[in-house]
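Asker: For reference, the structure I am asking about is given below.
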Amino acid sequence: MADVAILQGGQGIDAAEAEYRAVQRRRRMRRRIMPAAGVLSLLVLWGLLVYVLDVPPFVAPSPVAVAQTLVENAGMLLANLWPTALEAILGFLLGNIAAIAIATVFVHKKSAEEAFFPVVVLINTIPVVAKAPILVLLLGNGIEPKIAIAALICFFPTLVNMVRGLESVNPQAMELMRVLSASPREVFFKLRVPTALPYLFSALKIAASTAVIGAIVGEWIGSTVGIGALIIQATYNFDSALLYATVIVGSTFSVLFFLAITGLERLVVRWQAPVVA
Amino acid sequence: MATQVAATQVAPTQAARLDPAVAEAAAAPAIRCEDVAVRFITERRTVTALENVSFEIAEGSFLSLLGPSGCGKSTLLRVVADLIPPTEGRVTVLGGSAEAARRDHALGFVFQDAALLPWRTAIQNVTLPLEVGGRSALPPGAPTPTELLALVGLSGWENAYPHELSGGMRQRVSIARALIGGPKVLLMDEPFGALDEITRDHLNEELRRIWQETRTTILFVTHSIYEATFLGQTVLVLAANPGRVREIVPIDLPADRTLDIRETDHFVRIAARLRRLLGEC
């Protein structure tokens, strides 16, 4: 990415600067237009394939049919998004708060980490689809097992990242705190927590999308409302347009959740040097 | 073989500039090490980092600790800072234990990498020592954080984050941080080792000026002969394997030094002598 232009001979500095800025503006514009063009061309390709190959609507819908379903069933889709979003957000909060709390304990009590980290790893090796029925049996058919699955799925990456973040303190900064006679509490809040924040946010960004997956998988088992339930119903009814529309609503929510966390990160973690992409 | 204790002397030109009260206070040692030894036990063997180290630094003086890599210079500094307990021997800082000096906030420490907290601006880094360790306010009459940043030549950079500063500027911030609250002893661990020569020369001159303005006792670790000679009133040469005092060399250069002094015959002779001593280590 060359942001530097060489000043050409025989050109006024003002003119050169104006031209440089114009080029920059065009480049920014292009960066926004190109992804939109990419998505649009894929939609056109999809429509063409369905039309040319004459794909029956119960196998795959045309993009036009999906758009129609999105508009016509907007109220029903949003009504089903609401419980899923609630489960995902509550699970996200629960799982991450638990992970942060346990990471704090692990960092201060090495024996706790040695005893329980293998247990956590073991639980994490069980696939979500296998955990879901267990939790439904344990917690019933309400919102609770879905929240629990979303929480469990968030928990592990945050725990691992948070432990690593809290421990990745600059050793000289640690010595500094000791020279300053800082208490363990001060070391934790003034040094460990800020050091861990960038690690925490990279885990939270993963958790934002996995929490939604967790909630949807939870709804696959004996649920009548929610994005997950709607996916199952649409599949059994061969209503491919509704299935695709439901998936689009679910992933749009995922993306918005992810963007919200990214925005929060920008507000909180302000000290990092701008990353050159 | 015990190394003979040689008391640090205040250079005559320096003593003449001090009033009698200060000169008397300067007679009491700020730091005294007696037969200090540090041994580290590793899985394969026990390493003796320091052995039989004895020396004294008068209050308000500037001692350079010079030695080859791995001679235990940094270890010695950390023993004085109460970061590493000595295996044998005794360390007295300001008349008490090193731990008491640390708890009294009498020590300032400057690390090789500036060790600034990246989420704090320059001025917030300077005020960090006031927020931890049970200290809330500046002692009356002590320079404010803004004044300290001005002292190290960083006026106008108060609100810059560390990633917006150059390596030399970061190290200046860390010196201002070490000076807050008016520490009696300043311990510096190769603070300019990672800087380019031009910045380093400049900061050497500034450190001399800061020392003369603040009258803090400074213990300065370096592996540069020129830096040790230019900065110190005394150079303590350490020998390696195990780390021990090779010689204590008084530097009888005038108190008002500029970098030009490094070209004088006198300076060159002292540097040559230090080089020979290091060669025999």
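Asker: How high is the relative contact order of chain A, in percent, with contacts defined as C-alpha pairs under 8 Å that are six or more residues apart?
Answerer: Here the relative contact order equals 24 percent.
Asker: Dividing the Cα radius of gyration by the Kirkwood radius, what Rg/Rh value follows for the range A:30-99?
Answerer: Dividing the radius of gyration by the Kirkwood radius yields 1.17.
Asker: Using +1 at the C-beta of Lys and Arg and -1 at the C-beta of Asp and Glu, which of A:G38, A:V52, B:G60 has the Cα lying farthest in the positive direction of the dipole of the protein assembly as shown?
Answerer: Towards the positive end, the residue furthest out is A:V52.
Asker: Order by neighbour count: A:S254, B:S61, fewest other Cβ atoms within 10 Å first, most last.
Answerer: Least to most surrounded, the residues fall as A:S254, B:S61.
Asker: Quickly work out the A:V105-to-A:E167 label distance, labels modelled 7 Å from Cα along the C-beta direction, and quote it in nm with one decimal.
Answerer: For the pair A:E167/A:V105, the computed spacing is 1.7 nm.
Asker: Per the Kirkwood definition applied to all pairs of different Cα atoms, how many angstroms is the hydrodynamic radius of the range B:79-231?
Answerer: One decimal place: 16.0 Å for the Kirkwood radius.
Asker: 5 Å is the cut-off here: which amide hydrogens, built 1.01 Å from N in the peptide plane, fall below it relative to B:V110, excluding neighbours closer than 5 in sequence?
Answerer: It is B:L187, B:M188, B:D189, by chain and number.
Asker: Taking 51 Å as R0, compute the FRET efficiency from the Cβ-Cβ separation of B:A272 and A:V120 and round it to 0.05.
Answerer: So the FRET efficiency works out to roughly 0.20.
Asker: Just for chain B, what percent of DSSP beta bridges are antiparallel, to the closest 5?
Answerer: In chain B, approximately 55 percent of DSSP beta bridges are antiparallel ones.
Asker: Report the relative contact order of the range B:112-182, percent, no decimals, based on alpha-carbon pairs under 8 angstrom and at least 6 residues apart.
Answerer: Dividing the mean separation by the residue count of the range B:112-182 yields 50 percent.
Asker: From the P(r) of the range A:63-268, can you give the percent of Cα pairs sitting at distances over 24 Å?
Answerer: 50 percent
Asker: Moving on. At 30 angstrom or more along the helix axis (alpha-carbon based) and mean Kyte-Doolittle of 0.5 or higher, what helices does chain A contain? Whole DSSP H runs only.
Answerer: Passing helices, by number: A:74-108, A:144-167, A:193-219, A:240-268.
Asker: Counting other Cβ atoms within 10 Å, keep those with at most 13, restrict to DSSP loop, and tell me which trypsin sites (Lys or Arg not before Pro) in the range A:85-159 are left.
Answerer: Within the range A:85-159, the qualifying trypsin sites (Lys or Arg not before Pro) (loop, at most 13 other Cβ atoms within 10 Å) are A:K109.
Asker: May I pose another question? Could you tell me the extents of the range B:169-239's C-alpha atoms along the three principal axes, largest first, rounded to whole Å?
Answerer: In descending order, the Cα extents are 33, 25, 19 Å.
Asker: Computed FRET efficiency, Cβ-Cβ of A:E144 and B:E205, R0 60 Å: what is it to the nearest 0.05?
Answerer: 0.30
Asker: Over the alpha carbons of chain B, what is the largest minus smallest coordinate on each principal axis, giving the biggest first in Å?
Answerer: 53, 49, 40
Asker: Still on this structure: If you count, for every residue in B:126-135, the Cβ atoms of partner chains within 10 Å of its Cβ, what is the mean?
Answerer: Averaged over the peptide's residues, the number is 5.
Asker: By count of other Cβ within 10 Å, fewest leading, how are A:M29, A:M177, B:M169, A:M76 ordered?
Answerer: Arranged by neighbour count, lowest to highest, A:M29, A:M177, B:M169, A:M76 become A:M29, A:M76, B:M169, A:M177.
Asker: Can you compute the equivalent ellipsoid semi-axes for the range B:112-182, i.e. the square root of 5 times each eigenvalue of the Cα gyration tensor, sorted largest first and rounded to whole Å?
Answerer: That gives 19, 13, 10 Å for the three semi-axes.
Asker: Okay, moving on. Give me B:C71, A:C154 ranked fewest to most by other Cβ atoms within 10 Å of their Cβ, as a rough exposure proxy.
Answerer: The most exposed by this proxy come first: B:C71, A:C154.
Asker: With Kirkwood's inverse mean 1/r over C-alpha pairs for Rh, give me the Rg to Rh ratio of the range A:143-258, two decimals please.
Answerer: 1.24
Asker: P(r) for the range A:95-177, please, calculated from all Cα pair distances in 10 Å bins and given in %.
Answerer: For the range A:95-177, the binned pair fractions read 17, 39, 28, 10, 5, 0 percent.
Asker: Pairs of lysines 8 or more apart, or on different chains, with alpha carbons under 23 Å: count those in the range A:63-268, would you?
Answerer: For the range A:63-268, the number of qualifying lysine pairs is 5.
Asker: Here's a follow-up. Please state the relative contact order of chain B as a whole percent: Cα pairs under 8 Å, 6+ residues apart?
Answerer: 25 percent
Asker: Along Cα→Cβ, 7 Å out, is where each label goes; now give me the distance between the ones at A:R32 and B:R90 in nm to one decimal.
Answerer: Placing both labels 7 Å along Cα→Cβ, they lie 7.5 nm apart.
Asker: Stretch B:Q212-B:L259 to full length: gain in nm at 0.36 nm per residue minus the Cα-Cα span?
Answerer: Gain in length upon complete extension: 15.4 nm.
Asker: Any chance you could list P(r) for the protein assembly as shown, counting all Cα-Cα pairs in 20 angstrom bins from zero, rounded to whole %?
Answerer: Final binned percentages: 17, 36, 26, 17, 4, 0.
Read-outs throughout are calculated quantities, based only on the coordinates presented, and are distinct from any laboratory measurement. Note that the structure is a prediction, hence the values are computed from the model and not measured. In this analysis, Cβ positions are derived from the backbone assuming ideal geometry, glycine residues included, and neighbour counts consider all displayed protein chains.
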